[in-house]
1. Name the one entry in A:61, A:67, A:72 that is out of contact with any strand residue (DSSP E or B) (no Cβ under 7 Å at 6 or more places or on another chain) and at the interface with chain B (Cβ under 10 Å from one of its Cβ atoms).
2. Can you report the number of residues in region B:129-147 which are more than 14 Å from chain A (Cβ to nearest Cβ), open to solvent by less than 10 Å² (accessible area, probe 1.4 Å) and in a strand (DSSP E or B)?
3. Condition check: without any contact (Cβ under 8 Å) to a residue 24 or more places away in the chain and either away from every other protein chain (no Cβ under 13 Å) or crowded, with 18+ Cβ neighbours inside 10 Å (or both). Does residue B:102 satisfy that?
4. Any chance region A:26-41 includes a residue that's within 25 Å of residue B:37 (Cβ to Cβ), of a type outside the set (Val, Ile, Thr) and either in contact (Cβ under 8 Å) with a residue 60 or more places away in the chain or away from chain B (no Cβ under 12 Å) (or both)?
5. Kindly indicate the residue of region A:33-80 that is open to solvent by 20 Å² or more (accessible area, probe 1.4 Å) and hydroxyl-bearing (Ser, Thr, Tyr) and also nearest to residue A:91 (Cα to Cα) among those meeting that condition.
6. Would you mention how many residues in region B:435-457 are among the aliphatic types (A, V, I, L, M) and open to solvent by less than 10 Å² (accessible area, probe 1.4 Å)?
7. Restricting to region B:343-385, and then to whatever is free of Cβ contacts under 8 Å to residues at least 40 places away in the same chain and surrounded by fewer than 23 Cβ atoms within 10 Å (Cβ to Cβ), can you tell me which residue is nearest to residue B:241 (Cα to Cα)?
Amino acid sequence: MSIFDGLAAVEEEILKCMKCGNCQAVCPLYQESRREPAVARGKIRLAAAILEGKLEPTDGLAERFDLCLTCLACVASCPSGVKVDRIILAARTALTQKKGLPFIKKAVFTGLSRPRLFDLGVKTAARLQGLLFKNIEPGKMQPRFPIGLELRRIVPPLAPVPFRDQVAEKHAVERPVATVAFFTGCMTNYLYPEIGLAALRVLKAHGVDVIIPRLQHCCGAPILYSGAADMALKMARSHVDLFSSIQADAIITVCGTCGKAFKHLYPELLEDVPGYSERAREVAAKILDITQFLHKLPFNPELFRAPELAVTYHQPCHLGRGLGVVQEPLSIIRSIPGVNYLPLMEPARCCGNAGSFSLTHYDLSYQILTRKLKDIEDTGAQLVVTGCPACRMHLTDGLVKKQMPQKVVHTVELLASSLEEK
Amino acid sequence: MSVAQAIEALRRELGKENVITATEDLFCYSYDATADLPEQKPDVVVTPENVDQVVKVVKIARQYRLPIYPRGSGTNLSGGTVPIKGGIVLSTLKMNRILEIDPSNLTATVQPGVIIQDLNNAVAPYGLIYPPDPGTVATATMGGSVAECSGGLRGLKYGVTRHYVMGLEVVLADGEVIRYGGKTVKNVTGYDLVRLFTGSEGTLGIITEIIVRLIPAPQARETMLAGFSRLADAGNAVADIIGQKVIPATLEIMDRVTVETVENFAHVGLPTDVAAILLIEVDGIPEVVKSEAAAVRQVIAKNSGWIKTAENDEEREKLWSARRAALPALAQRKPTTILEDATVPRSKITDMLLVVEDIGKRYNLVIGTFGHAGDGNLHPTILADARNEEEMERVRAAVEEIFRAALSLGGTLSGEHGIGIAKKQFLPWEMGNSGVQVLKKIKQALDPDNLLNPGKIVDLT
């Protein structure tokens, strides 16, 4: 039984919580709200109440379970080893199954789960976005009207041409040292093609053949984290079909959430699906964040040189705590000649974006971000590097609003821009 | 409909944002960190922002005859914040300002919702510390720890919370606000009400402001880990260290069950082939630290133990994080963790350790014992499964025996967690019926209608 079958599957996790309250010290949401339902201990009690039949699946309950960044800080610090994220996902799935998704989410997710329709929709939107959004400065837009998006939110424009339409499917180098399949993820494909291009350049510079499968689409994590396991299951299946048919040494991601979906969630979703469980595990075993892959190659710092540059690094939650990629990005960033690495006080603290959380709970999300901005300011760095397109978007939002001079780039963009032309 | 009217009045006086009534939220205030206790939802949770609002809550509670349960972070371990009779949970978490740090008088003035660690972080730049150091220092509030008179890892040398509370502002059951004590080192005016309210577990008044004593941070410290292959050797070493007139800041014991579990969780390199380990920290002036550490090493060797010293801050921090993880890590082994707080005079620590070991065997229970050996405060922690009623019966019987043993050795029911619901039935064992009567008279005098945290420490019937 998987967590996507409901709360019974996580009963043991729920019982493991001894209510010590240690999660309060690390939960970014609790620190803002100081209310018990905001922290893991409270939500675990609510999950238990549902299991015990003491609480019906109300809207109020769904709201409480929405109040979680899935940043995994509580999981990392829980001495009883409670996998809180599993309880949250199981509860969200159970609630969605009973109550259905909210209208907007359902519409968006239906789109996301139908790749061709989604692709067409986003491309159409890219052509029309000027009607809905105004440009603040290059690369930064703000919605003009209430369109279901938070009006104050600053977003990058949709790329005129998505990344996967800009590049060929197969990229061969002479005497390749490895072949990788590149899972681009939606944000890189539609919002930040420059991250995809950077990854491609850096991989090729290291002598790696790259395959960018055409038929890939959304990893399904946003859908899964909203509790719509049935939709996500279909997406997982199509990606397992696609990637298990490709001969590659590794499957590369540039987003911790996508990577975590492939590595942890697909095997669990497909555990009992005939013909899929083993292949899902094989695909999962090949998943590497791009910094992990480069680090193992091994990474060659001699290819790079940056102008004297003070850099700090924000660790994305799903990359760091989710996939355990903590040292590799730092090791790579620090080894680039010219880079002066200035650490954040709390590099692993969530920036507050958390997928759609920043859209549905903008004020809370922004409060959490404010602490991160202060931390960035205190380092004195000129450039913020991070390993996640969503964190990049959120951090940019805050830096623009606060009129701070720092720019944000993905780790692989720092690499590509420091690549010495040969 | 008096509850609904009371809630309406609370909303009017405190604002809607400070009155929580959704069922989903109330569920999250039906417990604290204590295992094996009944849970109960309150009717309403309020989050006052200042003392005036606390007074208003008290007055409304009186008018509608609703009990009030003050609550900080709810990390307490005696059922002290469970709203067992329904009514109003008063969360102090919005009253979380450090009002003053006064380095010339070595005091700090704080609101009850301040997290203990936050106070320590704030006074550190002045070269000062606030010594009480409960295991939950990163989460527990000042108000909660004063109300429970919490102890912690530095109790042996520095004492418990009560030794640092110099002044209090308290809202009484009739809504009057009183202030007792202050910044003077000497204050012997009248009955010692500061001490009375410290450790009163929210049953006599609601603490709204606290003046605490700070002390200079020790200049140096040395942290050591000692291992023993016999439990009795570890216990005797504790007594011998004190016998050598060395008062470590911390002198902690973890038995084999605890060490194995913590190591399994924290991977800090604790030895798992021992009957017990001691974690010892001496602090103070560098020369004194040096000679005290040398004395400790001698004692350990004499008691057939081995010892190693933390070489740097990183190693030291690792050892302490392992100790802090002891209780929650034990919780990994089985779903229900019953933590006790039996405390004996420190000369009796070996006897108590052996008694607990024997009780575990006789009742066929897994008991991990750790605690503040230096001050005689042990936490025998029974690992069980609440779903297994037969096992829970054995647990309850074992707990009773642990208390009886502690008392027969001249000890006490609680070293630092308080009485709450969990231990009130045993109070007569320690203080006799007449002793309990005195507690009741005090409660009766200050809260005749039994509205402040009813059902905790004593029942008024």
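1. Details: A:67 fails: at the interface with chain B (Cβ under 10 Å from one of its Cβ atoms); A:72 fails: at the interface with chain B (Cβ under 10 Å from one of its Cβ atoms).
None of the other options fit; the residue is A:61.
2. So the first thing to find is which residues in region B:129-147 are more than 14 Å from chain A (Cβ to nearest Cβ), and the list is B:129-133, B:142, B:146-147.
Next cut, open to solvent by less than 10 Å² (accessible area, probe 1.4 Å) only: B:130-132, B:142, B:146.
Cutting the leftovers down to in a strand (DSSP E or B) gives us none.
Result for region B:129-147: 0.
3. So residue B:102 does not fit the description; no.
4. Scanning region A:26-41, I find no residue that is within 25 Å of residue B:37 (Cβ to Cβ), of a type outside the set (Val, Ile, Thr) and either in contact (Cβ under 8 Å) with a residue 60 or more places away in the chain or away from chain B (no Cβ under 12 Å) (or both), so the answer is no.
5. Only one residue tops the list, namely A:58.
6. Number satisfying all stated conditions: 1.
7. The residue in question is B:358.
This table checks each residue for (1) farther than 27 Å from residue A:197 by Cα; (2) touching a Lys or Arg at 6+ places or on another chain (Cβ under 8 Å).
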| residue | (1), (2) |
| --- | --- |
| A:342 | no, no |
| A:355 | no, no |
| A:358 | no, yes |
| A:362 | yes, yes |
| A:371 | yes, yes |
| A:394 | no, no |
| A:403 | yes, no |
| A:407 | no, no |
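The values are calculated or read from the model by the stated rules, or taken from the named source; none is laboratory data. If you're wondering where the values come from, they're calculated on a predicted model, not measured in any experiment. Reconstructed Cβ throughout: ideal geometry from the backbone, glycine too, with neighbour counts over all protein chains shown. For the accessible areas, the whole protein counts, side chains as well, though only heavy atoms, and no ligand, DNA or RNA atoms are used. Shrake-Rupley method; radii C 1.70, N 1.55, O 1.52, S 1.80 Å.
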